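Report on the structure given below.
The values are calculated or read from the model by the stated rules, or taken from the named source; none is laboratory data. Quantities reported herein were computed from a predicted structural model and do not represent experimental measurements. In this analysis, Cβ positions are derived from the backbone assuming ideal geometry, glycine residues included, and neighbour counts consider all displayed protein chains. Note: accessible area is taken over every heavy atom of the protein model, side chains too, but ligands, DNA and RNA are not part of it. Shrake-Rupley method; radii C 1.70, N 1.55, O 1.52, S 1.80 Å.
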Amino acid sequence: QVQLVESGGGLVQPGGSLRLSCAASGSIFSRTYMRWYRQAPGKQRELVAGIMSSSTTNYADSAKGRFTISRDNAKNTVYLQMNNLKPEDTAVYYCNMLTGGRNYWGQGTQVTVSS
């Protein structure tokens, strides 16, 4: 059974940085497509960044130049480094694994950007 556990969220001032982590279990992690999504209050969940098994990455326009997604297959972990955070980045961030045609989700971690 696939399990995803996010960590690293918190309160940060505008312009600050955070690194989110998502530890995965129950699947052959190195073969999976991993993504970070976020959902702000009253808004739909949106894709932030993704990283394929080949380590090819993709980013939402809002994340380009500020966020970096990476993976450590030895640790079964995917990361999201977020720099120059803005108040509009405030949301619950979710880790997502796509494998075997199925989507799996973590429980989410809150990121709040505020002075």
Being free of Cβ contacts under 8 Å to residues at least 60 places away in the same chain and not hydrophobic (A, V, I, L, M, F, W, C) is the filter; apply it to the stretch 14-36 and report the residue that is nearest to ASN84 (Cα to Cα). SER21
Conditions first: (1) at positive phi; (2) open to solvent by 30 Å² or more (accessible area, probe 1.4 Å); (3) in contact (Cβ under 8 Å) with a residue 60 or more places away in the chain. GLY108 passes all but one, so which condition is the exception? (2)
Here's a check for you: in the stretch 55-87, which residue that is without any contact (Cβ under 8 Å) to a residue 24 or more places away in the chain and within 14 Å of ALA23 (Cα to Cα) is most open to solvent (accessible area, probe 1.4 Å)? ALA74
For residues that are open to solvent by less than 70 Å² (accessible area, probe 1.4 Å) and among the aromatic types (Phe, Trp, Tyr), scanning just the stretch 88-105, find the one that is nearest to PRO14 (Cα to Cα). TYR93
When every residue in the stretch 1-54 that is open to solvent by less than 30 Å² (accessible area, probe 1.4 Å), outside any strand (DSSP E or B) and closer than 12 Å to THR77 by Cα is compared, the one modelled with the highest pLDDT is THR32
Subset of the stretch 98-115 (residues that are at pLDDT below 95 and among the β-branched types (Val, Ile, Thr)): THR99
What number of residues in the stretch 61-99 are out of contact with any helix residue (DSSP H, G or I) (no Cβ under 7 Å at 6 or more places or on another chain), of a type outside the set (Ser, Thr, Tyr) and in a loop (DSSP other than H, G, I, E, B)? 11
